Each structure stands twice: as C-alpha cells, then as structure tokens.
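The values are calculated or read from the model by the stated rules, or taken from the named source; none is laboratory data. Just so we're clear, the structure is a prediction, and the values are computed from it rather than from any experiment. All Cβ positions, glycine included, derive from the backbone under ideal geometry; neighbour counts span all protein chains shown.
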Amino acid sequence: MSENKFLPVTPEEVKALGRDVPDFVYVCGDAYVDHPSFGCAIISRVLEAAGFVVAILPQPDYKSCEAMKKFGRPRLGFLVSGGNIDSMVCHYTAAKKKRSSDYYSPGGKAGYRPDRAVIVYCNRIREAYGDVPIIIGGLEASLRRFAHYDYWDNKVRRSILVDSRADILSYGMGEKSIVRVAQLLDKGIPVKKIRDVRGTSYLCKRGEKVNFPTSDGEVDGEPVGYDYDELKTDKRIYAKAFATQYKNNDAISGKAVVEYYGDRMLVQNPPQPPLEREELDKVYALPYVRNWHPMYDKDGGIPAIAEVKFSITHNRGCFGGCNFCALAFHQGRSVRSRSIESVVREAEIIAKMPDFKGYIHDVGGPTANFRKPACEKQLKSGVCRNRQCLVPTPCKNLVADHTEYIELLKAVEAVPGVKKVFIRSGIRFDYLMADKSDAFFRKLVRDHVSGQLKVAPEHCSSHVLSCMGKPDVSVYDAFREKYFKLCDEAGLNQFLVPYLMSSHPGSRLEDAVELALYTKEIGLNPEQVQDYYPTPGTASTVMFYTGINPMTDKEIYCPTDYREKQMQRALLQYRRPENRNMVREALKKCGREDLIGFDKDCLVRPDTRHFAPDSKEKKPEGQSKKKTEGKNPKNTQKNDNSPKKQSKPAQTAGNRPKGWAKPKPKKKRLR
C-alpha cells in the first residue's frame, strides 16, 4: 500500500539514519501506532518534518530505569506522553474497578503501562540521566497541568509538572509548541531558560519575571495567582481557579495563569493559536504508515486502530460547551478544519489500502458537523469568556451552515473505490437544527447513517441539562421527530442511539425518575448508560468535587453516595429484572410510589414475592419463563413510522409504544 516507513524503535534503526543517538526519545504509554489519530504519531512526524530524529520508546518497562537507556542519552531530550487516554481512565471504570483490557496495548491486554504513566516515566528518566531535558505532553499532561481534583485519590493533586519533575509541559494540540521548543534546544538554549513559548507551562522561582501579561494582574510586581495550599483545602477558591483557567484558554484573549507551590511558581503561557487550514493539511499529509508497528503482529495487533483505520478527521476544536467534556480545555473552543482537497487525498490513500472494503467509517472529529468558528467575531476577538455558542440557546451571532460539509462529503463519496461514507462521530443536533436549510439533515439521513445514528441528548431534566451545558430536551424532541420524518420520506427504517448519562452533578433522584419516565414515553430501552465519570480538566469534575458550578459560582447538588448512584442508573434501566428492587427503593425514597403498580404508566410492579404463585397476575418475580422486558435493540429508538415492513422488538403489553406490532409467539425449536 505504502512505502512509508516507521520511525526508529531500536538503536540499530537510529544508526541506519546516520546518527549515534536520536535528537529525541519519545516515551509513550500507548503501543506504537503510526496513524494520525494517535498523538505520538502526529508529534513525532511533525518533528521529523522539521528535521529532527525521533526514536519511539513505546510502553517501556517502568519497574526500573534501564529501559530508558535503550537509545542512550538523546541529543536534545525526552518527550513523554501517557498516550491517547489518561492512564487512570484507561485503567479504571467510573466505579473505580480495574479494567480487564487496554485497547491501546498489544492484543488489548492490560498491564503494559503504569498508573499515572507520565509521572512514573519521568521519574525513571531522571533516575537514568539526571538533568536531561524532559518535555511532557498529550492528554494526561494537558488536562493535569494545574492543581486538579483527582477522582481516584479523592483529593486535589499538584500540577503534573510538579510531580513528574519535567522541565516543560506542552498543553493542547502541541505541534507548534514542540517544534519551537525543539528549535530552541537545538540552538543550545538551556531548557530552564525556555519560558516564552505559547502553549507551554514551566516552573520557576516565585517572583521571577513572567513573559506574558497574567490573568489577574500583579501586586507589588508579583503576578496574582492561586496558592496550592488554598486550592487543596478551599473548594470555592478551587472553583474560581478553574473558571480563571477556562476563560484564559483562548489564543486571542487568553493571558498567562500562575499557581504557587511554596517558593516555586507554575506559569502557564497563553495558548498557541490553532493550526489554520493550510497548516492542518500539512500535518495530515505527513508520511504515516497508518498501522501498528509489525512488532505487535505476534500479539494480534492493537485493537484501538479498528475504529479509526478507515476514518478521517476533518476538524479540530469544539464550541459545543459540554461541561463534562475536556475538549474545550485541551483543543479549545475555536474550530478549524482541513481543506476538502486534503480530506480527499486521505480518502484516496485509504481506498488503496489492501484491506479496505469500500466503506469510510467516519468523516468527523470532536464534533462531526463543525467546520468553522461559530461566528466571525471569534476570528478577531476570540471566543466569548462568559457566553457559550449553543447553550442555553444558540447565540444570535452563530453561523449555522453545513454547505461546505455537504461538499466535503460528496467529494469523498466520489473517490474511486469508495462505496459508502458514514458519519459516526457525534453530530451536534442543536447546531443541525439551527441551520435554516435542511439539506444536510436530508443527506445525513439518506446517505451517511449505517442503520443507526448516535446522538447525545444525555438527559431530559432542564435542571440537569443546564448543569451539563446541553440544550433543552425540547430541541432533541424536535430533532428526533424530524429525523424519523426524513427517514420515512426516504423509505428508510433506521434507529436513533441516544447517549444518556446518570448521576451527573445536579442530578437528583427525582431527575433520574423524570428521565426514566421520558425513556418510557418515547419507547427507549437503553441497554448502555454512562455513569458520570469525573476526569481532570472539566467543569463537571469541579462541580462533583466542590458542589459549586464554576461557571456560575452557584452551589448545586451532586450525587456522590454510591447507593444513590446505583439507584439513578437502575432507574434508567428499570425494565431489567435485576434492577426492580432498587427501582422500588428509589421510587419510595423520592415519594413516587405512584409509579409502583400494574398500571401502564408505572415503572415497576410491586414486590410480589409474598403472594401465592398460583396467581397469574401476581406471580413471584423470576418464575416466569417468558421474558419480554429489555429486548429492544441496544440503546436504540426505532423509526416506528417507516413505510417498510418492520420486525418489532418485544415489549410488555402496557409498555408498547404506539405503532409497534404485538410480538409474535416464539416457535418451538425442533430437535
């Protein structure tokens, strides 16, 4: 398919390039996959294009420092990343239970990387080489660049720059930052003096001069900042600190932000400007092999590539404003995209791959249907500091236009060898509904849905949706109605897959009941529900820890009790037999016993275990051989009104949405 070669992974391969040691050794918590969906591949290829030799050290043995000596002391320094996912999120579920697999590791097996990978790797490097320059980056470093609440330790931890003992932290999408740092190191400038690069953080002595204006100004010549001793003990100060960080995460309006750790000062320089279209095109035109390294063939490869191998990322950034998402803190809120020509060239490369079957799995990104900044003002003044683009209602300055995205999709569809182009990244349905033209909506339904479309209403309670930074459920209802109408007009029998979240900050038990009733009303039987997971770098995590919404400075209720979180989840899956007792408990606790009974509007039947088993209506639970609950397709809502003949999932008699056929009795199996 391609003559592109992997970057060196052995000292011999470095020597084949005419070098005794590489310029940089890139230590990564993921296995080595040379594909533009993997941060390690992008950063190392960008440095290669800038003339530097980068050796890849993926998932080294972290139990001693010997593995860090594999290539010798690099000429310029070490680059360290935890991988595409924070190592703690990679290892633990929302219930803090150890995961049994790791999709970014050989064969999907867990155990190849340590907890808090960036810290462990950096300390092993220090053991091996002392004061060698270390630059950390990637998602784990970027989202932990300030003092942050750590869900797994249940406390506010110091900046990862402090605990890792690295020299520089590159945050966000670091192509510009890392090349600038590399060039300065190459000129012989000591790493401790590199303090004027945007998109980086560093540690210095308290009181030293800062190169950029700071967010809160100065007092007696010293920048105003937050002290870690206060951040770890005062929740209101912690919430205010996050709000300051969030508001200064824009390349145009953002200023430097500082934190104090005793006699040391952490300085975050303002963000780098996002890559513009021509720059993005160059990044995605680099010679990626687009596969895992052959050293993993014996293990069956790296599972994570399956979802992205035949997918194309066309944009970066997100102005959606979801409080539980870290995109705004990592990639920023100002959207940029690649040219149509660049995306088509990548589609042509994919179409020539030997295992390509003709289907582009996705042309998307953080949010699939964003191509440009939300409004013209953002290009001159940056994103608004105290206003979101889409919530609670779309801003009057919002430009909702899918014209270029339609053109892009049509161009990819025309590539020889491409049979079908799907969109599997999240569609922002409120942005879609804000578009005065329904041309994209019609094309989406007709050409780009693989039987089911994934969307993220997340909840139905206005109170909870406000805490989430999501639009009112009425917007989703209008979208849902139009989606099924367009499916009918196209003669297509398609599903919606709404993502729902339980126990988000602000969600009371009453809100979970409201959501359960909503799913019943629209005929949705969610088999997959996401429990809220507090991860670094999000406003929702601040709410979870402090009970304060950092965007409004108002107190909110947060479900932190394990039993209540179980009940909220059970309510969203109230049809499951194993959840019945917990659903009853939840309904009684919030005074909704009217929903326990045999009426069609009830969520669950009474506990009938004390009744005689000869009563057909009140048969003890667990004795019925025929089970009809929970048989809907996974987490989907069917297009009930399609003109095509439908095969309907089985439903209980009092819970069958209008338009669903009565389930046919099962035929006896012949032996």
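A few points about this structure:
- Some residue of segment 34-44 being more than 27 Å from the chain's Cα centre (by Cα) and assigned by TED's automatic domain parsing to the domain that holds ALA128: no
- Residue that is farthest from VAL529 (Cα to Cα), among those in segment 573-591 that are surrounded by fewer than 19 Cβ atoms within 10 Å (Cβ to Cβ), of a type outside the set (A, V, I, L, M, F, W, C) and out of contact with any strand residue (DSSP E or B) (no Cβ under 8 Å at 6 or more places or on another chain): GLY591
- Residues of segment 56-76 satisfying the condition of being under 28 Å from the mean Cα position of the chain (by Cα) and within 22 Å of LEU286 (Cβ to Cβ): ILE56, LEU57, PRO58
- Among residues of segment 183-235, those that are small (Gly, Ala, Ser), closer than 30 Å to ALA49 by Cα and surrounded by 13 or more Cβ atoms within 10 Å (Cβ to Cβ), counted: 2
- Wholly within segment 121-200, helices (runs of 4 or more DSSP H) carrying at least 1 residues that are within 18 Å of MET68 (Cβ to Cβ) and not aromatic (Phe, Trp, Tyr): 138-143, 160-164
- Check on ASP553, within 30 Å of ALA141 (Cβ to Cβ), in contact (Cβ under 8 Å) with a residue 12 or more places away in the chain, surrounded by fewer than 18 Cβ atoms within 10 Å (Cβ to Cβ) and of a type in the set (D, E, K, R): yes
- A Cβ distance below 8 Å, combined with a sequence gap of six or more or placement on separate chains, defines the contacts here; from segment 169-183, residues that are within 12 Å of ARG45 (Cα to Cα) and of a type outside the set (Gly, Ala, Ser) reach residues that are at pLDDT 95 or above and assigned to a strand (DSSP E or B) in the pairs ILE178/LEU79; ILE178/ILE135; ILE178/GLY137; ILE178/SER170.
To keep it simple, each residue is scored yes or no on (1) farther than 21 Å from ASP30 by Cβ; (2) part of a loop (DSSP other than H, G, I, E, B); (3) in contact (Cβ under 8 Å) with a residue 60 or more places away in the chain.
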| site | (1), (2), (3) |
| --- | --- |
| TYR288 | no, yes, yes |
| ALA304 | no, no, yes |
| LYS309 | no, yes, yes |
| CYS318 | yes, yes, no |
| CYS322 | yes, yes, yes |
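- Residues located in segment 362-412, provided they are of a type in the set (A, V, I, L, M, F, W, C) and farther than 20 Å from THR313 by Cβ: CYS375, LEU379, VAL383, CYS384, CYS389, LEU390, VAL391, CYS395, LEU398, VAL399, ALA400
- For segment 1-54, a tally of residues being of a type in the set (Lys, Arg) and in a strand (DSSP E or B) returns 0.
- Residue within segment 494-513 that is over 20 Å from GLY364 (Cβ atoms) and surrounded by fewer than 17 Cβ atoms within 10 Å (Cβ to Cβ) present: yes
- Qualifying residue in segment 423-432 (condition: surrounded by 20 or more Cβ atoms within 10 Å (Cβ to Cβ), not hydrophobic (A, V, I, L, M, F, W, C) and not assigned by TED's automatic domain parsing to the domain that holds TYR359): no
- Within segment 13-62, considering residues that are in contact (Cβ under 8 Å) with a residue 60 or more places away in the chain and acidic (Asp, Glu), the one surrounded by the fewest Cβ atoms within 10 Å (Cβ to Cβ): GLU48
- Output for segment 547-585, where each listed residue is closer than 30 Å to ARG236 by Cα and of a type in the set (Ser, Thr, Tyr): THR552, TYR557, THR560, TYR562
- Selection status of LYS109, more than 26 Å from LYS282 (Cα to Cα) and free of Cβ contacts under 8 Å to residues at least 60 places away in the same chain: no
- Total residues in segment 393-414, condition out of contact with any helix residue (DSSP H, G or I) (no Cβ under 7 Å at 6 or more places or on another chain) and over 26 Å from SER37 (Cβ atoms): 6
- Residue among TYR238, TYR246, TYR260 that alone is of a type in the set (Phe, Trp, Tyr), more than 30 Å from LYS352 (Cα to Cα) and assigned to a strand (DSSP E or B): TYR260
- Looking across segment 458-496, just one residue is part of a strand (DSSP E or B) and more than 30 Å from THR538 (Cα to Cα), and that is PHE495.
- Take the conditions (1) surrounded by fewer than 24 Cβ atoms within 10 Å (Cβ to Cβ); (2) under 22 Å from the mean Cα position of the chain (by Cα); MET543 misses just one of them, which is (1).
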